[in-house]
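The values are calculated or read from the model by the stated rules, or taken from the named source; none is laboratory data. Here the structure is a predicted model, which means the values were calculated and not measured. Glycine gets a Cβ as well: all are built from the backbone with ideal geometry, and neighbour counts include every protein chain shown. These area figures cover heavy atoms from the full protein model, side chains too; ligands, DNA and RNA do not enter into them. Shrake-Rupley method; radii C 1.70, N 1.55, O 1.52, S 1.80 Å.
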Amino acid sequence: MTVTSMAMSQNIFVYDQQAGNPIPNVVVFNDNKTKTGLTSNLGIADISGFSENEDINFQHPSYVSISLTKNTITGLQFKVPLNGKLINLDEVIVSASRWEIKSSEIPNKIEQIKRKEIIFNNPATSADMLAIGNQVYVQKSQLGGGSPMIRGFATNKILMVVDGVRMNNAIYRSGNLHNVLQADVNSIESAEIIFGPGTNIYGSDALGGVIDFHTLTPKFNTCDKMIGTGNALARLSSADFERTINANFNLSNNSWALMTNISYSKFEDLRMGNMHNDYNQRHEYIDFVNGRDTIIQNTDPNIQRYSGYDQLSIITKIRHKFSENVDWDYSLYLTTTSAVPRYDRLLQPNNPNDQDSELKYAEWNYEPQQWLMNRLSINMHNNASFYDKAIITLAYQNVKEGRTDRKYRDDWLQKREEQVNIFSINTDFDKLIAAGNFIYYGLELVYNDVQSDGVKENIQTHESALISSRYPDGGTKFFQSGVYISYKRNFSSIPLTFLTGLRYSYVSLDSKFKDTTYYQLPYAAINISNGSLTGSAGLVYHPGDWQFNINLSSGFRAPNLDDVAKIFDSEPGNVVVPNENLEPEYLYNLDVGIIKKFSENAKLEITAFYSYLVNAMVRKNFTLNGLDSIMYDGELSRVQAVVNAGGATIYGASMIFNIKLFNNLALSTVLTTIKGKEDTGEPLRHAPPLYGGTKLTFEKNKLKMAVGVDYNTEISYKNLAPSERDKAYLYATDADGNPYSPGWWTLNYNGSYAFNEKFITFFEIDNIMDYRYRTYSSGITAPGRNFKISFRYSF
């Protein structure tokens, strides 16, 4: 909207001064509150009812309140900037029930990442975004990766959700997973991370927690006329020569809205740091020279050849209001990548017991990936007899994945490709049944159809031949369903909230082996069905500035196709085979938490948890037709399978402390410790070291700066999981010659300056000391000193 049209209608634009975003739901009122207003989704409010010299107050729970006269606002060209509070004491959470609930009414630990934080921190991917708050640990096997770890769990034991649709599918693996990158970070409005299995609306897979992404939504305006707004972003970084461009556009009136977001990123080979930990360096690599694989000495061992890739993401959404109480929206999501080198495999020595032996693989790539989703959602606010609000979500996803590998001086390139078609329906309802008493209930149905094939091609003669597929070549049908009901009561006589619920889940799998030429299995099909009843009960007591939480919960994960029927080399010298007798695993969890608010100036949050995993699904040595080793891709490999192996204990604690030192200066510290062991005493693979971060943030008007330190402690050989010990080539060596993961720390700087409400520049230096380090369990070394600069323009 132009300044002239704003002046004629006396509409004002209220925006975040550091991020440039419009701020909806800002309360606008005069001193005696006889005149009030509220900003729209586009940050617009009408102040024509206010007199020229009257003080107009602007108030929002996440921003510092201000008071301006209409004359002053005219001088600002009807644009009102607000500064965010350095410490937010109260949040509104969506992921815990699909409906907005105050954080003071939730017994679970939940982290919320807002759009403003995403814009300021400028993460390159959604995995990097999750690591911003130092509450989620992220592992990376390659540059185009990022596998979150939550409370000792990772990959298919964590549920990922995009706009209410389950992303986990039948082939989500137990190894490190990079599908989180399918959610384009530049399209994310907010993200919420639920820690632990403490909610009933999510079924199988949500053992460690839930990562719930909310992408940008089409925003209505308040008039009949179509109004267009948007943003453009360009970003460069030095460590991997990242080039990212992003643009989003919103066109709307008061009944129709259209939003489109497009992002493209290209990354070159990543440069590591130059100080400490020489074992991380890449001294040699394999290149195809004159028709022959040749080992090349790396002229710069800090450059990680080959690690670069590129990614394209597009989201388009259309939204329409049938009436004030009913609207629908249709969304189309598409994310594609180039081939992504599996960097840790490119480092793998041919002899796992001799790290100085020649490299094993000339090529190992995740082939170009594709994630396509169509989503239709109907939202109703009818206050009907059996619901007040309802959401019905229909979705179709098409996922294409592939892997290619070729050993050193082997002319045969092996390709294995998978395609998954996923159909889902979710219905969610809430109802106020009496003052302070709410129920939430719903249904989920998900169907997966999986196809898998394998072929090898000769790079010299271009011959081709069939090879074993990664999953059963006869196809797989995978079905998940669940019904849930939750109850919340806010007591009126005491500051107490009680939240409880139950969910019944049913999961079935039907998988067929068509061609048994490659491996003689003792069965031609695998049929599994499992059902489980899980629940939770929690209390939140919040007298004054205190909050005490306790939550008991159970979780359930049924084996998926990747657990049951995969044939694939998991690590050097081992091959995973199917196990038709695999059963579900169950988690029983206790959470306790204390939150103390010190007026408006500080907040302390301490959370502790204890979990016991029953019937744990873990990879162990196995036999196939009585054999403990078989030939796989021309190599004798030890047979392993995912089996139920007793139990495991996981426990830990986290501390978050935020304090406003001065009006414009705040200090924050986050610290997390997690321990996990199987009943046999062996450490759990996905229990990270003690980790955290401390940051000092300065905000004043158009300027924002932050200086922080991120840190990890060491994991000794004794505390290293057996599967990690088998990858000694990725770790440092201790005095006894055993692998271990060293501790590390980095010093980082972020800054932004808003020239006006339209143009903002961001400048960042990560790893200022140029420390060379590799995060625990990762295959690629972290970036060295990394300069980032980006420009954001709003229109």
Q) Ranked from highest to lowest mean number of other Cβ atoms within 10 Å per residue, what is the order of the peptides 135-141, 744-750, 526-532, 309-315? A) 135-141, 309-315, 744-750, 526-532
(Q) Out of the trypsin sites (Lys or Arg not before Pro) in the range 315-361, which ones are loop residues according to DSSP with at most 16 other C-beta atoms within 10 Å? (A) none
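Using just the helices of the chain, give the 222 nm mean residue ellipticity in deg cm²/dmol: DSSP H runs with n ≥ 4 each add -39,500 (n - 2.57), and the total is spread over all residues, rounded to 500. Walk me through the intermediate numbers first.
Values: 7 runs with 38 residues, N = 795.
The helix-only estimate for the chain comes to -1000 deg cm²/dmol at 222 nm.
Looking at the chain only, what percent of DSSP beta bridges run antiparallel? Nearest 5 please. Before the final figure, lay out each step's value.
Numbers: 331 of 344 bridges.
Around 95 percent antiparallel, to the nearest 5.
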Q | Largest to smallest principal axis extent of the C-alpha atoms in the range 305-454, angstrom | A | 71, 31, 27
Q. Which value, in Å², gives the accessible area per residue of the chain when a 1.4 Å probe is used on the protein heavy atoms?
A. 39
Q: Identify which of the listed values of Cα Rg over 2.2 N^0.38 Å was calculated from the structure shown: (i) 1.06; (ii) 1.25; (iii) 0.97.
A: (iii)
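When you count, for each residue, the other Cβ atoms within 10 Å and take the mean per peptide, how do 703-711, 465-473 rank with the highest first? Numbers along the way, then the final one.
Details: 703-711: 17.7, 465-473: 19.7.
Result, highest mean Cβ count within 10 Å first: 465-473, 703-711.
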**Q.** Proximal aspartates and glutamates relative to Lys603, as straight alpha-carbon distance under 18 Å, when same-chain residues fewer than 8 apart are discounted
**A.** Asp90, Glu91, Glu105, Glu111, Asp545
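Would you please put 177-188, 382-393 in order of how densely packed they are, using the mean number of other Cβ atoms within 10 angstrom per residue and starting with the highest?
Numbers: 177-188: 24.7, 382-393: 15.3.
For the peptides 177-188, 382-393, the packing ranking is 177-188, 382-393.
Using a Förster radius of 35 Å, what is the FRET efficiency between Ser716 and Asn756 based on their Cβ-Cβ separation? Nearest 0.05, please.
0.10
In percent, what relative contact order does the chain have, based on Cα pairs under 8 Å that are 6 or more apart in sequence? Kindly include the intermediate steps, with their values, before the conclusion.
On the way: 2264 pairs, mean separation 91.8, N = 795.
Here the relative contact order equals 12 percent.
Measure up Lys79/Lys219; Lys660/Lys695; Lys85/Lys660; Lys109/Lys700; Lys407/Lys620; Lys157/Lys596 against 21 Å on the Cα-Cα distance and list the ones that go over. Numbers along the way, then the final one.
On the way: Lys79/Lys219 19 Å; Lys660/Lys695 12 Å; Lys85/Lys660 10 Å; Lys109/Lys700 31 Å; Lys407/Lys620 26 Å; Lys157/Lys596 32 Å.
Lys109/Lys700; Lys407/Lys620; Lys157/Lys596, as the Cα separations exceed 21 Å there.
Can you send over the carbon and sulfur percentage of the accessible area for the range 533-607, probe radius 1.4 Å, protein chains only?
Numbers: 1620 of 2680 Å².
Reported share for carbon and sulfur atoms: 61 percent.
Can you bin the range 218-376 into rounded, prolate or oblate? Criterion: square roots of the alpha carbon gyration tensor eigenvalues sorted a ≥ b ≥ c, rounded for a/c under 1.5, prolate for a/b above b/c, oblate for the rest. Before the final figure, lay out each step's value.
Details: a/c = 3.91, a/b = 2.83, b/c = 1.38.
Prolate.
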